[in-house]
Amino acid sequence: MKTKHMVLLGLLTAGAAILHIVESWLPTPASAPGVKLGLANVVSLFALAFFGPREALYVLGARIVLGGLFSGAIAGPAVFLSISGGMTSLLVMALLNRWAQPPFSLIGVSVLGATAHNAAQVAAAAILVGSPGVLWYLPYAVLFAVPLGAVTGMTALFALAKLPQKSLS
Amino acid sequence: MRLTWADKIAIGLLLAFSLGGIVYSLYFMPVAGLKQAEISVDGRPYKTVLLRPGYKETFRIGGASQYNVIEADGARIRVLEADCPDQICVKTGWVRQAPQQIVCLPWRTVIRVTEAGQTDIDEIAR
């Protein structure tokens, strides 16, 4: 890994961790628990598009650990939800980005990734509470994921367009 | 920055699924959001009524004077009639949502609406 590469990944990780922490300060709507803005997902998506799945996984993993550390509950349920949501989302986005980019744009990849993120979080919450009743929130989680995922995708596209490509080499 | 046809199909399907799911869950709400009314007199639990669709009951608390007539109808409950001086409990009207309550201060009757099946989502949703 080149030094420039590593520095850029470090910057991305720091940005993702900050977004993750700021997002945890925001209140969640009572009618739809588990719904988050997915700000940190911008960085995951950006890393995926700019570098690749492996680098995106590094950034995601470091971000979740840092976010857990800063929230003070590294082994708490929030981290469990972050991991299940983040990993599922990244897996879906990586597969789509690799194999289905021509039909989908980055916005579509992001929307499906956000949906996978929220769906996985609701499923994880249902497992955590041990009650399948939590799955009733799934439609709400998906409803919120679509516009938020679209915004995330557009943000990543803007960032990709503005960032000079030669800054990598 | 254009949405491709595949994007539009995916977004459309997801929205259709979620809206369909919400409509479905609202129609067949049952178990998810059942409420119950806890009625207490003088701070002691008197009766708990499960507020379920199609259920009707009218009952009377108290003696010949100092009474409340309580009416439960489906998912809602109210004080139909009372002989308390302020009539606040009667004027409160129907209640149906979880934190709502009806209080008859003179006769010390409290009707609280609570969730019938507690899912402690709030504790973990953070």
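List of remarks:
- Here B:V69 meets the list (1) at pLDDT 90 or above; (2) more than 15 Å from B:Q100 (Cβ to Cβ); (3) open to solvent by 60 Å² or more (accessible area, probe 1.4 Å) almost entirely, failing just condition (3).
- Top-ranked residue of region A:120-138 - restricted to ones that are within 12 Å of chain B (Cβ to nearest Cβ), surrounded by fewer than 24 Cβ atoms within 10 Å (Cβ to Cβ) and modelled with pLDDT of 80 or more, ranked as nearest to A:F50 (Cα to Cα): A:A124
- Any hit, region A:139-150, residues being modelled with pLDDT of 85 or more, within 30 Å of B:T4 (Cα to Cα) and surrounded by fewer than 18 Cβ atoms within 10 Å (Cβ to Cβ): yes
Conditions (1) more than 11 Å from the chain's Cα centre (by Cα); (2) of a type in the set (A, V, I, L, M, F, W, C), marked per residue:
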site: A:L91; (1), (2): no, yes
site: A:A94; (1), (2): yes, yes
site: A:G108; (1), (2): yes, no
site: A:A116; (1), (2): no, yes
site: A:A120; (1), (2): yes, yes
site: A:L135; (1), (2): yes, yes
site: A:P139; (1), (2): yes, no
site: A:A150; (1), (2): yes, yes
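- All of (1) open to solvent by 20 Å² or more (accessible area, probe 1.4 Å); (2) at pLDDT 85 or above; (3) not charged (D, E, K, R) hold for A:S89 with one exception: (1).
- Residue list for region A:67-86, restricted to those being more than 12 Å from every other protein chain (Cβ to nearest Cβ) and open to solvent by less than 70 Å² (accessible area, probe 1.4 Å): A:G67, A:G68, A:S84, A:G85, A:G86
- Boolean, B:T109 is open to solvent by less than 40 Å² (accessible area, probe 1.4 Å) and at pLDDT 80 or above: yes
- Once region A:94-108 is narrowed to residues that are part of a helix (DSSP H, G or I) and within 23 Å of A:Y58 (Cβ to Cβ), the residue that is most open to solvent (accessible area, probe 1.4 Å) is A:W99.
- Within region B:72-93, tally of residues that are without any contact (Cβ under 8 Å) to a residue 40 or more places away in the chain, open to solvent by 40 Å² or more (accessible area, probe 1.4 Å) and within 17 Å of B:K35 (Cα to Cα): 2
- Subset tally (residues that are within 12 Å of chain B (Cβ to nearest Cβ) and closer than 22 Å to A:H20 by Cα) for region A:87-116: 11
- Under the condition of being of a type outside the set (V, I, T), at pLDDT 85 or above and either outside the structural domain of B:V103 (by TED's automatic domain parsing) or open to solvent by 80 Å² or more (accessible area, probe 1.4 Å) (or both), the residues counted in region B:38-63 number 4.
Every residue, every condition in (1) closer than 24 Å to A:G10 by Cα; (2) β-branched (V, I, T), yes or no:
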site	(1), (2)
A:S71	yes, no
A:I74	yes, yes
A:I83	yes, yes
A:A116	no, no
A:A125	no, no
A:Y137	no, no
A:L143	no, no
A:V146	no, yes
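The values are calculated or read from the model by the stated rules, or taken from the named source; none is laboratory data. Note that the coordinates shown come from a computational prediction; the quantities given were computed from them, not determined experimentally. Cβ atoms come from the backbone with ideal geometry, glycine included; neighbour counts cover every protein chain shown. To get the accessible areas, we keep the full protein, side chains included, count just its heavy atoms, and leave off ligands, DNA and RNA. Shrake-Rupley method; radii C 1.70, N 1.55, O 1.52, S 1.80 Å.
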